[in-house]
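First the structure, then my questions, so here it is.
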Amino acid sequence: MWTDPQLHVRGQTVFTADLPEASQSYHLFPVTSTLACGRILSLDFNKALQIPGVVKVLTAADIPGVNGIGHSEEAEVLLAEQEVSYYGQAVALVIAISSDIARQAADCVQIEYEASPGVFEPRQADEQKLWIGMPRVFCVGQPDECWAECDVIVTGNAQTGAQEHLYFETQSAIAWPVQQGLKVYSATQSPGMVQKIIARLLDWPMQRVEVEVMQLGGGFGGKEEQATFWAACVALASQVVQKPVMVHLTRDEDMRFTGKRHPYEADFKIGFSSQGRILAYEVSFYQDAGAWADLSPAILERTLLHVTNTYCVPQLKVIARSCRTNLIPNTAFRGFGAPQAMFVFEAALFKAAQALGMPYEQLQQLNLLKTGDTFPYGMPVTACVIQECWDQLWQRYEIVERFQAIDEFNQNHIWQKKALSIMPICFGISFTARFLNQASALVHIYQDGTVLVSTGAVEMGQGVKTKLIHIVARVFSIPENQVRIASTNTARIANMSPTAASTGADLNGQATLMACQQLKQHLSELAQKLLGAEAITFQQGVISAEGQEISWSELIAQAYLQRLSLSALAHYATPGLDYDRAQDRGQPFAYHVYGVAAVEVTLDTLRATYQFEQVFICHDAGQSLDASVDQGQVEGALVQGLGWLTVEDIRYSKEGRLLTSNLTDYKIPDLYFAPEIHIHWLENSPISGAVMRSKAVGEPPFMYGIGGYFALIKAMQAFNPDIELDYVAPLTPERVLMTLYKKRSAEGD
Ligand code: MTE
Ligand code: LUZ
Ligand code: MOS
């Protein structure tokens, strides 16, 4: 049996769109709005229906249950009824015998609109109080009164952009009518949510909907919420026509129809003692939610909880607003609002370092969090290893010498400038919605001794299957090729949480561990009887006691003959979580992940092109379940983070139409862009609440990319110390060029 990476590199992994097409399946394509804000006056399907091969066109009127795909917000409709609120919003669904015909027919639908002025800027939405939920205010200490005690106060603005998920596999779904029910293949991170929404849409009990997820060609948060729409469309269509119905998007369509990382704007104020200790921080966030809630409120909450990153800030005031604009609803993306918060804090520190006349990294280090401090939300800081990560990074990779070498290089070069910047991170592990922190695992041992594991974990390239296999093989002490992880299916595992918040391996791994331990307990008792001894050990497929032994496969065969259950179901709920949203106080996270990166860049000051040469990282993975999986996670996340802050630039037209809808107009990092990456795993990492002492790794390293931004502006300052910095990301080569050679406004022209 091949492992996942072996299948991937052979191109043999089967994704939803690779399933063999059933005879008489139909294809679906949405008719979408070409207006960002307004009312639909009329819809004309006549031309579309005349095209041979078109089966049916569905509108909101064809939905038997609730026309909604959101958690609660009624505005999140599957199909627009009267209002449209963004360019690309689905208005109707065309069902046809081929995907080409469905697309062609969708193009022929004529819609008459009455346009209203849309809102495309979050601050403009804020002025009109167009919020999703109420603004959140979060205070620690007496933030309004402490400014008088500060020796240095710095204010400024910062801004980060959207980001396209660019998973390899585009959005994709197939629905099959089965006896009085539906089986839905969906490329989703949230099979449980897809099941629930489809049942609500069809006005069915949930047990009639079975959702199956094989594996995803990437998700990165882009399929946590936004895969639901496509699954719901094919489910509705399939139920109406009683045939299998599918939809698979092209890259261009996927980019045009799906939400992105939330752009944020922020105003900050930060105060210090003369020695450089942070005394107070005040920040005001404007999150660009797009037209609907989606996960924006949850993302805003993670922004609040990560507002001071890994620094100690005694007085704090945060105001965060989710602003409703007429753009595609934005959604979860690796980091989930934390990167946006952490960028602003670094901008404040960077700017303050110049005002204090202190090296930026000295200011960072001086204010690092330590065990005994308290997070702003009142959770005690325990097992904090940020200083250890910092020290091990500096020693192992000779950071002092690197800074010196860079200074020397810069003294001798004008058309090339180098810089190095340090980025410490701290990321809380758990869903901030407490109820999501649960998982179930169903473990079957078959008569031949092989094991099949079902959980709610969705494999999307992050290696959760590999980690689960390690856990099972370790507990039973059997070879890994005896263990297989089944597809993710709502009929086998009920009420599953999304695979998200970096908790996939923790939650599903703990449940799997518990199920295996139950089985092992029963098997040990049987072995005691069979071997007539007390102290049983499981080792490399052999169960032994006092010189007697029995092989794993014999033991299982015996267990079957003796009519013992060889299946176990276990449920895990993360203990100790207790977070009061109204007060913003409590224990939202099981534990925190720490790490520090040093990013080195070389800037070509004539062309304004740049290369991230090397990145050095000391990362706390705990006792990693699989070091090569974790290495891949750190490397991938870092490069994705660098891309977000530098080359990835999403643009909309004035009318709210996405301009950057293909890979010619939207640049992402490639292999040439990627730096040389050196990772040192933190030594002597303390025990955490994670499965088998391994720490979650999926999202945290994304934020190392922020170091790239500050390395780049340091290099720019090395060339021209007078440049005006605006802390706006992405810092594309175009923006670098404009900044390097722009005369200061104070100097006239
Ligand atoms: N790695 C790959 N290769 N593909 C992905 O889609 N998603 C990331 C991260 N790493 C992703 C990935 C995100 S956003 C999350 S939340 C976690 O993986 C989810 O998986 P985990 O909880 O099992 O770590
Ligand atoms: N999804 C979610 C997440 O629903 N809640 C979270 O806290 C979260 N955090 C990170 C990524 N996805
Ligand atoms: Mo990840 S943004 O939690 O899918």
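The values are calculated or read from the model by the stated rules, or taken from the named source; none is laboratory data. Quick caveat: nothing in here was measured; it's all calculated off a predicted structure. Cβ coordinates were reconstructed from backbone atoms using ideal geometry, including for glycine residues, and neighbour counts include every protein chain displayed. Quick note on the areas: whole protein, heavy atoms, side chains included, nothing else; ligands and nucleic acids left out. Shrake-Rupley method; radii C 1.70, N 1.55, O 1.52, S 1.80 Å.
Which condition number does Phe589 fail, the rest of (1) aromatic (Phe, Trp, Tyr); (2) part of a loop (DSSP other than H, G, I, E, B); (3) open to solvent by 60 Å² or more (accessible area, probe 1.4 Å) being met?
Evaluating Phe589 over (1) aromatic (Phe, Trp, Tyr); (2) part of a loop (DSSP other than H, G, I, E, B); (3) open to solvent by 60 Å² or more (accessible area, probe 1.4 Å) leaves (3) as the failure.
Could you please tell me which pairs satisfy a Cβ distance under 6 Å, a separation of 6+ or placement on different chains, a first residue in segment 247-261 that is modelled with pLDDT of 95 or more, and a second residue that is assigned to a helix (DSSP H, G or I)?
Here the result reads Val247/Trp230; Val247/Val234; His248/Ala17, each pair linking segment 247-261 to a residue that is assigned to a helix (DSSP H, G or I).
Let me ask something additional. Quick check on this structure: which one of Ile111, Ile198, Ile174, Ile101 is farther than 30 Å from Gly636 by Cβ and part of a strand (DSSP E or B)?
Within the list Ile111, Ile198, Ile174, Ile101, the selection yields Ile111.
Please tell me if Asp726 is out of contact with any Cys (no Cβ under 8 Å at 6 or more places or on another chain), of a type in the set (Asp, Glu) and closer than 19 Å to Phe350 by Cβ.
Numbers: out of contact with any Cys (no Cβ under 8 Å at 6 or more places or on another chain): yes; of a type in the set (Asp, Glu): yes; closer than 19 Å to Phe350 by Cβ: yes.
In short, yes.
Shifting gears a bit: Does Val634 qualify as being closer than 30 Å to Val736 by Cα, crowded, with 23+ Cβ neighbours inside 10 Å and away from ligand 2 (no atom under 16 Å from the Cβ)?
Answer is yes for this residue.
Determine, yes or no, whether Ala559 is over 37 Å from the mean Cα position of the chain (by Cα), open to solvent by less than 20 Å² (accessible area, probe 1.4 Å) and more than 30 Å from Leu642 (Cα to Cα).
Considered against the rule, which asks whether it is over 37 Å from the mean Cα position of the chain (by Cα), open to solvent by less than 20 Å² (accessible area, probe 1.4 Å) and more than 30 Å from Leu642 (Cα to Cα), Ala559 comes out as yes.
Same structure again: Residues in segment 411-427: is at least one within 16 Å of ligand 1 (Cβ to nearest atom) and either crowded, with 18+ Cβ neighbours inside 10 Å or touching a residue at least 60 places away in the same chain (Cβ under 8 Å) (or both)?
yes
Which of the following residues is closer than 27 Å to Ala162 by Cβ, more than 16 Å from ligand 1 (Cβ to nearest atom) and buried (at least 19 other Cβ atoms within 10 Å of the Cβ): Ser661, Ser653, Ser685?
It is Ser661.
Might you let me know whether segment 387-407 holds any residue that is more than 16 Å from ligand 3 (Cβ to nearest atom), open to solvent by 10 Å² or more (accessible area, probe 1.4 Å) and in a loop (DSSP other than H, G, I, E, B)?
Yes, some residue in segment 387-407 is more than 16 Å from ligand 3 (Cβ to nearest atom), open to solvent by 10 Å² or more (accessible area, probe 1.4 Å) and in a loop (DSSP other than H, G, I, E, B).
Could you tell me which residue of segment 501-515 is farthest from Val194 (Cα to Cα), considering only residues that are open to solvent by 10 Å² or more (accessible area, probe 1.4 Å) and in a loop (DSSP other than H, G, I, E, B)?
Selected residue: Ser502.
A follow-up question, please. Which is open to solvent by 70 Å² or more (accessible area, probe 1.4 Å), away from ligand 2 (no atom under 16 Å from the Cβ), farther than 30 Å from Ser116 by Cα and not acidic (Asp, Glu), of Leu712, Leu671? Full working, then the answer.
Working: Leu712 fails: open to solvent by 70 Å² or more (accessible area, probe 1.4 Å).
After applying the criteria, what remains is Leu671.
I would also like to ask the following. Regarding Leu642, is this residue modelled with pLDDT of 95 or more, in a loop (DSSP other than H, G, I, E, B) and closer than 24 Å to Ser502 by Cα?
no
Now for a separate question. Within segment 1-34, how many residues turn out to be in a loop (DSSP other than H, G, I, E, B), open to solvent by less than 80 Å² (accessible area, probe 1.4 Å) and farther than 21 Å from Leu58 by Cβ? Working first, answer last.
Kept after step one, since they are in a loop (DSSP other than H, G, I, E, B), are these residues of segment 1-34: 1-3, 11-15, 19-25, 33-34.
Imposing the further condition that a residue be open to solvent by less than 80 Å² (accessible area, probe 1.4 Å) reduces the set to 3, 11, 13-15, 19, 22, 25, 33.
Narrowing further to those that are farther than 21 Å from Leu58 by Cβ: 3, 11, 13-15, 19.
Residues in segment 1-34 being in a loop (DSSP other than H, G, I, E, B), open to solvent by less than 80 Å² (accessible area, probe 1.4 Å) and farther than 21 Å from Leu58 by Cβ: 6 in total.
Exactly one of these conditions fails for Ala582: (1) closer than 30 Å to Phe375 by Cβ; (2) touching a residue at least 24 places away in the same chain (Cβ under 8 Å); (3) more than 16 Å from ligand 1 (Cβ to nearest atom). Give me its number.
Evaluating Ala582 over (1) closer than 30 Å to Phe375 by Cβ; (2) touching a residue at least 24 places away in the same chain (Cβ under 8 Å); (3) more than 16 Å from ligand 1 (Cβ to nearest atom) leaves (2) as the failure.
Return the residues of segment 35-82 that are of a type in the set (S, T, N, Q), under 29 Å from the mean Cα position of the chain (by Cα) and open to solvent by 60 Å² or more (accessible area, probe 1.4 Å); say none if nothing qualifies.
Passing the criteria: only Ser72.
Consider segment 203-246. How many of its residues are open to solvent by less than 10 Å² (accessible area, probe 1.4 Å), assigned to a helix (DSSP H, G or I) and more than 16 Å from ligand 2 (Cβ to nearest atom)?
So the count comes out to 9.
I'd like the full set of residues that are in contact with a strand residue (DSSP E or B) (Cβ under 9 Å, 6 or more places away or on another chain) and surrounded by 22 or more Cβ atoms within 10 Å (Cβ to Cβ), limited to segment 452-468.
Val453, Ser454, Thr455, Gly456, Ala457, Val458, Glu459, Val464, Lys465, Lys467, Leu468
When only residues in segment 344-359 that are assigned to a helix (DSSP H, G or I) and open to solvent by 10 Å² or more (accessible area, probe 1.4 Å) count, which is nearest to Asp267 (Cα to Cα)?
The extreme case among them is Lys351.
Please go through segment 715-741 and give me each residue that is over 20 Å from Gln354 (Cα atoms) and open to solvent by 40 Å² or more (accessible area, probe 1.4 Å), ordered by number.
Pro733, Glu734, Arg735, Leu737, Met738, Tyr741
Those residues that are in contact (Cβ under 8 Å) with a residue 60 or more places away in the chain and within 16 Å of ligand 3 (Cβ to nearest atom), I need them from segment 300-328; list them, please.
Hits for segment 300-328 are Leu300, Glu301, Arg302, Leu305, His306.
Which condition does Ser440 not pass, out of (1) away from ligand 2 (no atom under 16 Å from the Cβ); (2) out of contact with any Leu (no Cβ under 7 Å at 6 or more places or on another chain); (3) of a type outside the set (Phe, Trp, Tyr), if it passes all the others?
All conditions pass for Ser440, except number (2).
Right, here's the next one. Any chance you could count how many residues in segment 601-621 are in a strand (DSSP E or B) and surrounded by fewer than 24 Cβ atoms within 10 Å (Cβ to Cβ)?
6
Sticking with this structure for a sec: Taking only pairs six or more apart or across chains, which ones have beta-carbon atoms under 6 Å, a first residue in segment 676-689 that is at pLDDT below 95, and a second residue that is among the hydrophobic types (A, V, I, L, M, F, W, C) and in a loop (DSSP other than H, G, I, E, B)?
Pro686/Ala383; Gly689/Ala590
Under the condition of being basic (Lys, Arg) and outside any loop (DSSP other than H, G, I, E, B), which residue from segment 434-493 is farthest from Arg208 (Cα to Cα)?
Arg474
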